[in-house]
Amino acid sequence: MELPRFDVPIVLAPMGGVATVELVVAVCEAGGFAVLPGAYLTPEQIVAQAAAVRAATRKPFGINLFVEEPPYRADQRAVRHAQERLNAFRDELGIPHPATPAVPADRYDAQIDAVIDARPDAFTFTFGIPDRATLDRFRGAGIAAWGTATTVAEARALREAGVDGIFAQGAEAGAHRGTFLAPAAESLVGTLALVPQVVDATRLPVIAAGGIGDGRGVAAVLALGARAAALGTSFLLANESDISRAYRDALKTERVHDSVLTRAFSGRTARGIPNRVTRALRDPDDIAPYPFQNAMTRDIRNAAAAAGNPEYLSLWAGQAASLARELPAGEIVKLLMAEARASLDAAREALRVR
């Protein structure tokens, strides 16, 4: 199936809790392709937000989900231990201890139905590969399916599943790692190395992600064979971004240069700015598996956002976070393209035979 056509090779990566309808629309209207994050939304919210995007722009867009395997199971002793460990943070924030650990919402199948009902131009997914029946449903609905790979082996698995395109996520990327075939620690391939290998191994359209902070990065991944560059962290400071003031302020500090990989907030490996929680929760035995840990830390993250305290927030950011600009999203897209063109012109000049 052909991928949706968009005017400039800029993709807004899905950012749960950050990418608003307004941000998605702004990137689309600027000629890029934007992906609406649906993983944390109810099925009803997915349909409503997709409708709001459709009402505001006629440009193509996508919707992203996490590949889940409900019903969720975990060792209850490990979950209770993780809950007790999290109570120390609740004491520091002055919020109550829940009587029992929060239970992850089981709505994956309904989310799939909602995305199909919403009819985006593309369905993008991470954390694995949906089963064949699910992918067939998207094909039957005329919706392109793009998977996420952090290694060449994962890219090959996606190709065998019949996806239409691949997001090649380098180790520099902010937020959750899309790894699904091997441990995350064994799947940290940098974008510069990953993209050309995925292009060669799959012969599918590839969208590069990870550490692309400005137009120089966009030009670089296009030279490596990518069809477009996916940026998330670069849009965190956009006017249309829905991050808290504490999160926004943290992105303007020197701490962005010291991003870490952590499982502390969700139970899955993700990259973000270090803080009190990431420093305290380093022992794997203190962290419940995903999605239990994610459900159990939600009250802590909400309380921290309300209090303006970044030490208890999941401050997801990639390794190029210091390059983010505080501008309207459409202006960011224009600036990225101007920088990319200037970089390509400089490269051509450097390659001239003298």
Subject >> Among (1) within 23 Å of the chain's Cα centre (by Cα); (2) in a helix (DSSP H, G or I); (3) buried (at least 17 other Cβ atoms within 10 Å of the Cβ) - the single one R54 does not satisfy >> reply: (3)
Original post:
If the Cβ limit is 8 Å and pairs must be 6+ apart or interchain, which residue in the range 36-64 that is touching a residue at least 24 places away in the same chain (Cβ under 8 Å) pairs with which residue that is part of a loop (DSSP other than H, G, I, E, B) and among the acidic types (D, E)?
Top reply: P60/D121; F61/D121; G62/D121
**OP:** May I ask you to list the residues in the range 186-224 that are closer than 24 Å to R325 by Cβ and acidic (D, E)?
**Re:** D214
**OP:** Give the residues of the range 180-210 that are in a loop (DSSP other than H, G, I, E, B) and either in contact with a His (Cβ under 8 Å, 6 or more places away or on another chain) or surrounded by fewer than 24 Cβ atoms within 10 Å (Cβ to Cβ) (or both), sorted by residue number.
**Re:** F180, L181, A182, P183, S187, L188, V189, G190, R203, L204, P205
**OP:** Could you identify the single residue in R325, R248, R301, R255 that is more than 19 Å from the chain's Cα centre (by Cα) and either in a helix (DSSP H, G or I) or closer than 23 Å to C28 by Cα (or both)?
**Re:** R255
Original post:
Which of the residues belonging to the range 109-142 are without any contact (Cβ under 8 Å) to a residue 60 or more places away in the chain and either crowded, with 19+ Cβ neighbours inside 10 Å or in a helix (DSSP H, G or I) (or both)?
Top reply: D109, I112, I116, R132, A133, T134, L135, D136, R137, F138, G140
Subject >> Filter result for A88 (crowded, with 16+ Cβ neighbours inside 10 Å and either modelled with pLDDT under 95 or more than 30 Å from I207 (Cβ to Cβ) (or both)) >> reply: no
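The values are calculated or read from the model by the stated rules, or taken from the named source; none is laboratory data. Predicted model only: the values in this text are computed from it and were never measured. We place every Cβ from the backbone using ideal geometry, glycine too, and count neighbours over all the protein chains shown.
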